[in-house]
Amino acid sequence: MHRMPRLFLFAAPLAAVPGRAVAAGMPQLNVHDPLLLGQVAWGAVIFAGFYMVLSRSALPRIERVLENRRTRIQNDLDIARRAKADADRASAELLSTRHEAAMHARANVQRIQDEARNAAEAYAAATNARLETEIANAENSIAASRERALSGLPEIATGTAQSLVERLIGTHDTQAVASAVERASA
């Protein structure tokens, strides 16, 4: 919006330039001058010559440079896309491998726990069996000792009773003391 008024500001004085230029002495702007047509013709020839030189030599080189650059950029973009795809694939493989490793680790931990539990149960069972055997042997030993002690008890009781009777009464009757001890123990 702001450019429109400026354009009109510059257009009005430019329209008046040829008339003022001729009056002020600027012959290159006098369109009725015969030299101006020659200058315009030579300007067109020089422009056409420059255009031909540029279109045959410089512009094809510039086009090749631009095409090479465009190709290189496209190749770089393709390489970047392939690298991104490879990185995404490697990332997915890493996540998959990590997940598998975690599953194997959990399985190994569970297996080791099961082995430890089984070993502890086997050790406890072996210890229980050994202790039961030792308890049974100890009970048998105690029973045998008790039997020996009880089997020797009548003799001891008879000997003790004879000693007491002999001291108290002063008689030595072994047969009477033995029968009295047998009656008491029965």
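The values are calculated or read from the model by the stated rules, or taken from the named source; none is laboratory data. As the structure is a prediction and not an experimental result, all values here were calculated from the model. Every residue, glycine among them, receives a Cβ derived from its backbone with ideal geometry; neighbour counts consider all protein chains shown.
Details
- Count of the stretch 173-186 residues which are outside any helix (DSSP H, G or I) and either of a type in the set (S, T, N, Q) or surrounded by 10 or more Cβ atoms within 10 Å (Cβ to Cβ) (or both): 1
- Selection status of GLU132, out of contact with any Gly (no Cβ under 6 Å at 6 or more places or on another chain) and at pLDDT 90 or above: yes
- Tabulated pairs, the stretch 19-39, first acidic (Asp, Glu), second outside any helix (DSSP H, G or I) and at pLDDT 75 or above, C-beta under 6 angstrom, 6+ apart or interchain: none
- Subset of the stretch 127-169 that is surrounded by 10 or more Cβ atoms within 10 Å (Cβ to Cβ) and β-branched (Val, Ile, Thr) - its residue that is farthest from ALA180 (Cα to Cα): THR127
- Single residue of ARG82, ARG64, ARG69 found to be of a type in the set (Lys, Arg) and modelled with pLDDT under 95: ARG64
Conditions (1) under 30 Å from SER185 (Cα atoms); (2) within 47 Å of the chain's Cα centre (by Cα); (3) at pLDDT 90 or above, marked per residue:
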{"position": "SER91", "(1), (2), (3)": "no, yes, yes"}
{"position": "ARG106", "(1), (2), (3)": "no, yes, yes"}
{"position": "VAL109", "(1), (2), (3)": "no, yes, yes"}
{"position": "ALA120", "(1), (2), (3)": "no, yes, yes"}
{"position": "ASN137", "(1), (2), (3)": "yes, no, yes"}
{"position": "GLY159", "(1), (2), (3)": "yes, no, no"}
